[in-house]
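> Following this message is one structure expressed as structure tokens.
The values are calculated or read from the model by the stated rules, or taken from the named source; none is laboratory data. This structure is a prediction, so every number in the text was calculated from the model and none was measured. Neighbour counts run over all protein chains shown; Cβ positions are idealised from the backbone, glycine included. Accessible surface areas use protein heavy atoms only, side chains included; no ligands, DNA or RNA. Shrake-Rupley method; radii C 1.70, N 1.55, O 1.52, S 1.80 Å.
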Amino acid sequence: MMIGCSEDYLEEPAPTQSVSEDVIFNSREGVEAFFAGVYRLSRRQFTSYDSGGIYSMYMARSVKGNDLINTTSWFSFDYDNDNREPTYRRTVFSWEYPYFMINQLNSLINGVNASAELSEEDKTELIAEARVLRAFNYFQLAMEFQHTYSYDPSLPAPPIYTELSLEGKPMITLQELYDFILEDLENSVDELGADRINKSYVNRSVAYGILARVYQVMENWSGAEMAAAEAYGGNASAVLDASSYANGFDDISNTEWLWGLPQTSDQSNYYYGAPSAFTDHYGQAYSSVYVNPNFVDEFSATDVRNTFENAYGIAPGDYREYVTNKFTFAFDSDIVLMRTAEMILIEAEALYQQGREDEAHDLLFALQSNRDAEAVQSDNTGSDLFEEILLERRKELYAEIGVEWFDAKRLRRGIDRDPIHRTVLTLEPDDNRFFLKIPQTEIDANDAIDDSVNSDR
């Protein structure tokens, strides 16, 4: 930087907290450094202990259902399904966090597109990775701020930005938002390979996993079958490891993890880390989440997922009777975002929905028999088989991605809590409490959106 005789640089101060676009976008290494920053931001301490990153969204969804019981701690308003008003932190975070990430990704996409130094091959792969992440964040906005897709695709949905802008855009339709999400994903999945820097980065498998979730919500069952199989590889026995299930769900190197957020003791989000900081009753964290005894009863004694204990010697009938040691909390506990088991279960549901019940049943049992060496395949058919698949999703994925809420919302089934809960409630199918109101901060800052956007919400 200091070659030459001129001392003009002394007269031209440069920022010390940022790097110029020329430096970032004139090499693949520069763009990968930008990506590293984006991924780091995905586990940042964004607002507060219940609103740190994508993991906070998943935890908020997890405690809204029947299987988990939250005490008066962080996520307690989410547990009450009463955290959706325009000025509330949950609402503001769930809007601003995805858009913050989208803004970074738009900068990356546009910078790579404009680069005269990057090869076309590098551009294709880097833009594909960014578009998948952008679609992932728009998918969160779609899920958080409107009814599910099958309810009414013409309903208003959060606006789309593909450029950096200080001018707010109007709401669009849910159909337009899902079309954009699909365009980003479908045009990108096959541009990515299997290689990546580590499991916090998106590769082809993760991209197909995100696409499988979107197809699942849109009830595109042939698409969901294809995408889920692509995500985990299509061979269930090769991607499951029952012995690792009891290791604390804190290690991104686990063979079942497709995508996660790594932590180290010196680069940690500390007590923000969900779910472990809230579900682990043996470490020094919040220990605020208990497990519904009726849910515990769904697990056989020989199931490796039966990680429940009466840690406090509580009498039956008390919501504090059971805790889970599924997750181990420490400052270096990694956070799971996607696993092979979820993809296997998406494929099983997709097969069922296409009338291929025998295939669905066999694939479901491939997972069940891995988790429980004494499992016996059921003779369920029809709707009973479907309910078995949904129960298996809850048993496999509880506290990870908000699976119970996710399924109740997309299937328009509602949630009916057992009387043992601290807050007993019923969410009817298509209840407005399945989505949030538009934040007042957005209404105040965006001339294209006014207070009427929250009418009847």
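> I need the full set of residues from the stretch 351-374 which are assigned to a loop (DSSP other than H, G, I, E, B) and closer than 25 Å to Trp257 by Cα, in order please.
Result: Asp372, Ala373, Glu374.
> Shifting gears a bit: So how many residues does the stretch 200-221 have that are open to solvent by 50 Å² or more (accessible area, probe 1.4 Å) and either closer than 19 Å to Thr148 by Cα or assigned to a loop (DSSP other than H, G, I, E, B) (or both)?
Residues meeting the conditions: 2.
> Please go through the stretch 224-235 and give me each residue that is part of a helix (DSSP H, G or I), open to solvent by 10 Å² or more (accessible area, probe 1.4 Å) and in contact (Cβ under 8 Å) with a residue 24 or more places away in the chain, ordered by number.
Across the stretch 224-235, the qualifying residues are Glu225, Ala229, Glu230, Tyr232.
> In the stretch 47-57, what residues are crowded, with 23+ Cβ neighbours inside 10 Å and either part of a helix (DSSP H, G or I) or touching a Pro at 6+ places or on another chain (Cβ under 9 Å) (or both)?
Tyr55, Ser56, Met57, listed by residue number.
> Can you tell me which residue among Asp318, Asp250 is part of a loop (DSSP other than H, G, I, E, B), out of contact with any Ser or Thr (no Cβ under 6 Å at 6 or more places or on another chain) and modelled with pLDDT of 95 or more?
Asp318
> Go through (1) part of a helix (DSSP H, G or I); (2) within 23 Å of Tyr272 (Cβ to Cβ); (3) not acidic (Asp, Glu) for Ala348 and report which single condition fails.
Only one criterion is unmet by Ala348, namely (2).
> Here is a further query. Can you pull out every residue in the stretch 409-432 that is crowded, with 18+ Cβ neighbours inside 10 Å and either closer than 25 Å to Tyr99 by Cβ or modelled with pLDDT under 95 (or both)?
Lys409, Arg410
> Those residues that are buried (at least 16 other Cβ atoms within 10 Å of the Cβ) and among the hydrophobic types (A, V, I, L, M, F, W, C), I need them from the stretch 384-401; list them, please.
Leu385, Phe386, Ile389, Leu390, Leu397, Ala399, Ile401
> Mind listing whichever residues of the stretch 433-445 are under 15 Å from Thr87 (Cα atoms) and open to solvent by less than 30 Å² (accessible area, probe 1.4 Å)?
Phe435, Leu436, Ile438, Pro439, Ile443
> Now for a separate question. Out of the residues in the stretch 116-147 meeting the condition of being under 23 Å from Val189 (Cβ atoms) and not in a helix (DSSP H, G or I), tell me which one is most open to solvent (accessible area, probe 1.4 Å).
Within the stretch 116-147, the match that is most open to solvent (accessible area, probe 1.4 Å) is Ser119.
> Give the residues of the stretch 79-92 that are crowded, with 22+ Cβ neighbours inside 10 Å and either out of contact with any Pro (no Cβ under 8 Å at 6 or more places or on another chain) or closer than 15 Å to Gly30 by Cβ (or both), sorted by residue number.
The answer is Tyr79, Arg90.
> Let me ask something else about it. Can you find, within the stretch 66-78, the residue that is farthest from Glu163 (Cα to Cα) among those that are open to solvent by 10 Å² or more (accessible area, probe 1.4 Å) and part of a helix (DSSP H, G or I)?
Filtering first and then ranking leaves Ser76.
> What is the residue count in the stretch 317-351 for residues that are in contact with a helix residue (DSSP H, G or I) (Cβ under 7 Å, 6 or more places away or on another chain), open to solvent by 40 Å² or more (accessible area, probe 1.4 Å) and either at positive phi or not hydrophobic (A, V, I, L, M, F, W, C) (or both)?
2
> When you scan the stretch 375-457 for helices (runs of 4 or more DSSP H) that lie fully inside it, which ones turn up with 3 or more residues that are under 26 Å from Val296 (Cβ atoms)?
By residue number, 382-397, 403-410.
> Can you tell me which residue among Arg356, Arg457 is at pLDDT below 95 and either surrounded by fewer than 18 Cβ atoms within 10 Å (Cβ to Cβ) or hydroxyl-bearing (Ser, Thr, Tyr) (or both)?
Arg457
> Tell me which residues, restricted to the stretch 162-181, are surrounded by fewer than 16 Cβ atoms within 10 Å (Cβ to Cβ) and either of a type in the set (Ser, Thr, Tyr) or in contact with a helix residue (DSSP H, G or I) (Cβ under 7 Å, 6 or more places away or on another chain) (or both).
Hits for the stretch 162-181 are Thr162, Glu163, Leu164, Ser165, Gly168, Thr173.
> With the structure loaded, tell me whether Asp184 is in contact with a helix residue (DSSP H, G or I) (Cβ under 9 Å, 6 or more places away or on another chain), surrounded by 15 or more Cβ atoms within 10 Å (Cβ to Cβ) and not aromatic (Phe, Trp, Tyr) or whether it fails that test.
yes
> Conditions first: (1) under 15 Å from Val336 (Cβ atoms); (2) in contact (Cβ under 8 Å) with a residue 24 or more places away in the chain; (3) out of contact with any Leu (no Cβ under 9 Å at 6 or more places or on another chain). Ser244 passes all but one, so which condition is the exception?
(2)
> Just give me the residues in the stretch 290-299 being more than 16 Å from Asn70 (Cα to Cα) and either of a type in the set (Val, Ile, Thr) or open to solvent by 20 Å² or more (accessible area, probe 1.4 Å) (or both), in sequence order.
Once the filter is applied, which keeps residues that are more than 16 Å from Asn70 (Cα to Cα) and either of a type in the set (Val, Ile, Thr) or open to solvent by 20 Å² or more (accessible area, probe 1.4 Å) (or both), the stretch 290-299 yields Asp297, Glu298.
> When you go through (1) at pLDDT 95 or above; (2) in contact with a strand residue (DSSP E or B) (Cβ under 8 Å, 6 or more places away or on another chain) one by one for Gly53, which number turns out not to apply?
Only one criterion in (1) at pLDDT 95 or above; (2) in contact with a strand residue (DSSP E or B) (Cβ under 8 Å, 6 or more places away or on another chain) is unmet by Gly53, namely (1).
> Specify which of the listed residues (Thr302, Thr381) is farther than 30 Å from Thr71 by Cα, of a type in the set (S, T, N, Q) and open to solvent by 30 Å² or more (accessible area, probe 1.4 Å).
Thr381
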